[in-house]
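The values are calculated or read from the model by the stated rules, or taken from the named source; none is laboratory data. Everything numeric here is computed off the predicted structure, so don't read it as measured data. Here the Cβ positions follow ideal geometry from the backbone for every residue, glycine too, while neighbour counts run over all protein chains shown. With ligands, DNA and RNA removed, areas are computed over all heavy atoms of the protein, side chains included. Shrake-Rupley method; radii C 1.70, N 1.55, O 1.52, S 1.80 Å.
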Amino acid sequence: MHREQTGAAGDEVPVGPLAGFTVGVTAARRADELGALLRRRGAEVMYAPALRIVPLADDSELLASTKQLIDSAPDVVVATTAIGFRGWVEAADGWGLGDALLARLREVRLLARGPKVRGAIRAAGLTEEWYPASESMAEVLERLLEEGVEGHRIAVQLHGEPLPGFVESLRAGGAEVVGVPVYRWMPPEDIGPVDRLLDATVARALDAVTFTSAPAAASLLDRAERRGMREELLEALRHDVLPACVGPVTALPLEAHDVPTSQPERFRLGPLAQLLTAELPGRVRPLPVAGRRLEIRGHAVVVDGELRTVPPAGMALLRALARRPGWVVARSELLRSLPGAGRDEHAVETAMARLRTALGSPKLIQTVVKRGYRLALDPSADTKYGGA
C-alpha cells in the first residue's frame, strides 16, 4: 500500500479540491499516472492493483492465436485498443513473426475502434478501412451486421475488457470469431494491498474507489467473496464510498450487483480525476460553526479554506458531533464512537483536547458541563441543521 500524506497533525496546508479525501486505485496499468492526477489535486492515494498483466512474451495463448491467423487468413480484423494493437505487433516481432503478421494484416479488412487505435495501425505501416469517431464498439458491430457476416471469419483483438454482446452477436449472425487475447489479466501475486483496500472500504476509511477496467472490478468483488465480505463491500459502495469508473463497460460488474457508479463523459484518466474533483467535495455539507466554515472531509477538516489534518480518534468524535450539529452529545455516546476506547470516559476528554488543537480553534466545540459536547453551530443555522 502506498499512501501520500497531506501534512502533519495541526498543520495548515493550502487546500486542493481533493485535499482531505482518500481515493483507492485498483488499476494495474497506468496506476501511477492516475495517482499523480489525484495527488496533484490534494488527495491521498491507496494503491491496490486488483490484477496483473500476463507478460506478452510469455503468453502462449496469444502466440497460438497469432500463428493461427498467419496460417489461415481472416476476412476482417477488429482492433479495439491502441496499446493492445501495438503490444500484439511488438510481441509478434519478438517471436520472429512480426513481418508475417503485418503481411497478413495488409491483406484483410482492418477495422479500428476509434482514432487512437487508428493511430497505432498507421504507426505499424498499415491502413484501416474504417473507424467510428465515437470509439463505440456498438457502432463497429452495427456496421458489420449491416454488411452481413454470415460465413465470414472475424478476428477480434481483445484487451482484457469484456465486450458485452459483441462476439455473441457476430456468431449469431453466422460469423466464425477468433479472439486475440492481448494483455490477459490474472490475480495479483501480492494480495495484501487488495485486502487492505477492502478493509478500508468497508470501514469507510476511503472516500472513493476508482476502476479503470471491468476485470479489476470483478477481481475485487471475487476477493471480497472469498473473504466473506462481499455484501459489506457492496453496502459501502452503494451508500458511503463513491465507486468511480472510467466508462460503462468498466462499471458492468458493479452495476450487476446494483451498485450505482459515477462515470466521466470521456472515458479517460484525466476526466476520471476531474469527476472525483467535482463529486467528492459536493458530498460534503459545510457547517457554519462559531463564525467559521467547517467542512468535514474523509481524513481531514477544512476550516475557512485551510486544511487541518485531524487524528483518527478526533475525526471519530467530530463525525459523531456533526451527525447532530448544535445538539449536545453525551460523553458516553462519544466514547462508543472512539475506536477501541474501552469504558473510560477520560479517553473522550483526551481525544477532544487533541481534536481542538488540530482544528486550531477551541471555540468550534463547546463543553456542556455534566452533559457532553456540542458543535458551536451559529444561531442563524439552527433551523437548517438542528434536526440533522
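Which shape class, rounded, prolate or oblate, goes with segment 100-212 when its Cα gyration tensor gives a ≥ b ≥ c as root eigenvalues, a/c under 1.5 marks rounded, and past that a/b bigger than b/c marks prolate?
Prolate is the answer for segment 100-212, as a/c is 1.5 or above and a/b outweighs b/c.
I'd like the Karplus ³J(HN,Hα) series for segment 124-137: coefficients 6.51, -1.76, 1.60, θ = phi - 60°, whole numbers in Hz, and an x wherever there's a Gly or Pro.
In residue order, the calculated couplings are 7, x, 10, 10, 7, 7, 6, 8, x, 5, 6, 6, 9, 5 Hz.
So for segment 270-386, Kirkwood radius off the Cα pairs, Stokes-Einstein at 37 °C and 0.692 mPa s: how many µm² s⁻¹?
222
State log₁₀ I(q)/I(0) for segment 13-167 at q = 0.10, 0.11 Å⁻¹ as given by the Debye formula over alpha-carbon point scatterers of equal weight, solvent excluded.
-0.47, -0.55
Only loop residues by DSSP count here, and only those with at most 13 other Cβ atoms within 10 Å; note down the chymotrypsin sites (Phe, Trp or Tyr not before Pro) in segment 148-230 that meet that.
none
Excluding residue 93 itself, calculate the net charge of residues whose Cβ lies under 11 Å from the Cβ of residue 93, where each Lys or Arg counts +1 and each Asp or Glu counts -1. Please report the intermediate quantities before stating the final value.
Numbers: positive: 86; negative: 90, 99.
Around residue 93, the surrounding residues sum to -1.
What would the Debye equation give as log₁₀ I(q)/I(0) for segment 213-329 at q = 0.19, 0.20 Å⁻¹, counting only Cα atoms as equal point scatterers?
-1.06, -1.09
Going by Cα centres, segment 258-289 and segment 348-363 are how many Å apart?
So the separation of the two Cα centres works out to 30 Å.
Over segment 257-324, give the accessible area per residue in Å² for a 1.4 Å probe, as an integer.
Using a 1.4 Å probe on heavy atoms only, each residue of segment 257-324 averages 43 Å².
For segment 42-117, treating each Cα as an identical point scatterer without solvent, what Debye log10 I(q)/I(0) comes out at q = 0.27 1/Å?
-1.38
Which GluC sites (Glu not before Pro) in segment 139-222 pass both tests, a DSSP loop state and at most 15 other beta-carbon atoms within 10 Å?
For GluC sites (Glu not before Pro) across segment 139-222 that sit outside H, G, I, E and B with at most 15 neighbouring Cβ atoms in 10 Å, the list reads 150, 189.
Work the Kirkwood hydrodynamic radius out for the chain: mean of 1/r over every pair of different alpha-carbon atoms, inverted, in Å.
About 23.7 Å for the chain.
Report the antiparallel proportion of the DSSP beta bridges in the chain as a percent, rounded to a multiple of 5.
Percent antiparallel among DSSP bridges in the chain is about 45.
Using DSSP to call loops (not H, G, I, E or B), can you name the GluC sites (Glu not before Pro) in segment 219-307 whose Cβ has at most 15 other Cβ atoms within 10 angstrom?
265
Pop out the carbon and sulfur fraction of the accessible area of segment 78-129 as a percent, whole number, probe 1.4 Å.
In segment 78-129, the share of accessible area belonging to carbon and sulfur is 46 percent.
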